[in-house]
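Visitor: So that we are looking at the same thing, I have put the structure below in structure tokens.
Only the coordinates and a few stated rules stand behind these numbers; no lab work does. As the structure is a computational prediction, the values presented were derived from the model and not from experiment. Neighbour counts run over all protein chains shown; Cβ positions are idealised from the backbone, glycine included.
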Amino acid sequence: MNGVFDLGGTDGMGPVRAEENEPVFHAEWEKAAFALFATNFRAGLFNVDMFRHGIEQMDPAEYLLSNYYEHWAHAAEHYAGKAGAIDPDELEKRTAFYLENPDAPLPERTDPDLLAFVDGAVKGGAPAARESDKVAAFAVGDRVVVADDSPVGHTRRARYIRGRTGVVTATHGTFIYPDSAGNGGPEAPEHVYTVKFTAEELWGPEVGDPNGVVYFDVWEPYISPAPATEGAA
């Protein structure tokens with residue numbers, strides 16, 4: 001998806017300043033927003049890639065001016081509303097109440113099974129590897145070029161690698177294809193490769209560090225064989 005959400009390689013965004021001794025959560029409500037992912041994932045409202053696409057539904061200005069867990073809360077609200085799991089009017093009332101009473105305690109729920117699921121998901125993650133009988137089209141050492149079109153919907157093909165040529169340095173097997181799963185489709189496993197790009201290839205010889213490289217994981221549909229270079233046998 002094209003938009004402000006795809007900031008990789010974008011110039012002029014300023015430095016990333018790490019907060020010294022940064023706490024895990026900056027406010028109590030962030031703890032609740034964090035829990036929304038695992039709880040709604042368990043309820044079947046979205047998968048990981050759909051969750052990312054839910055964040056991409058935000059108004060661009062709101063996205064840039066809001067913090068990390070506000071993005072999470074937006075995605076959960078987006079899918080819960082879409083599924084009819086929450087009432088928009090009730091949400092408005094609750095929001096107004098907490099804006100007027102910021103110190104009011106958040107609702108609590110006791111559910112040991114849900115807590116065990118969240119604890120397991122946080123510590124162990126949700127592996128995206130999937131079995132497939134597809135044969136890999138590329139191998140380590142192959143030169144490949146990334147498709148240069150602009151896909152509709154969710155994708156993990158960053159803008160700054162589109163149309164660029166690199167070399168496959170690792171193969172990883174088949175994984176859930178985000179361009180399908182993130183748009184409400186099946187998991188559709190595809191082979192994943194690590195591709196090495198030179199900084200000059202990505203950003204041009206004028207500004208690219210001649211000694212710099214970037215490694216990027218790509219799904220097989222993103223790439224095709226690179227044209228033979230001049231002088232090659």
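Visitor: Choose one answer from 218, 122, 192: the residue with the largest mean-square fluctuation in a GNM of the chain with alpha-carbon springs under 10 Å.
Guide: In this elastic network of the chain, the residue with the biggest mean-square fluctuation among 218, 122, 192 is 122.
Visitor: Using only Cα atoms, what Kirkwood radius does the range 143-225 have, in angstroms?
Guide: 13.3 Å
Visitor: Using amide H atoms built 1.01 Å from N in the peptide plane, name the residues 5+ places from residue 173, or on other chains, whose amide H lies under 5 Å from its own.
Guide: 192
Visitor: Using a 10 Å cut-off around each Cβ, can you sort 110, 174, 165 from fewest to most neighbouring Cβ atoms?
Guide: On the way: 110 6, 174 21, 165 17.
Final ranking by Cβ density, sparse to dense: 110, 165, 174.
Visitor: Determine, from the Cβ-Cβ distance of residue 25 and residue 199 and an R0 of 35 Å, the FRET efficiency 1/(1 + (r/R0)^6), rounded to the nearest 0.05.
Guide: 0.45
Visitor: Got a sec to turn the phi values of the range 8-13 into Karplus ³J(HN,Hα) couplings, 6.51 cos²θ - 1.76 cosθ + 1.60 with θ = phi - 60°, whole Hz, x for Gly and Pro?
Guide: x, x, 7, 8, x, 8
Visitor: Can you bin every Cα-Cα distance in the range 28-124 into 5 Å intervals starting at zero and give me the percent of pairs per bin, rounded to whole numbers?
Guide: Whole-percent P(r) values from 0 Å outward: 2, 11, 19, 25, 23, 13, 5, 1.
Visitor: Another question, then. Within the chain, what's the longest stretch lacking GluC sites (Glu not before Pro) that sit in DSSP loops with no more than 16 other Cβ atoms inside 10 Å?
Guide: Counting at most 16 other Cβ atoms within 10 Å as exposed, the longest clean stretch of the chain is 21-107.
Visitor: Considering Cα pairs under 8 angstrom that are at least six residues apart, work out the relative contact order of the chain and quote it in whole percent.
Guide: 19 percent
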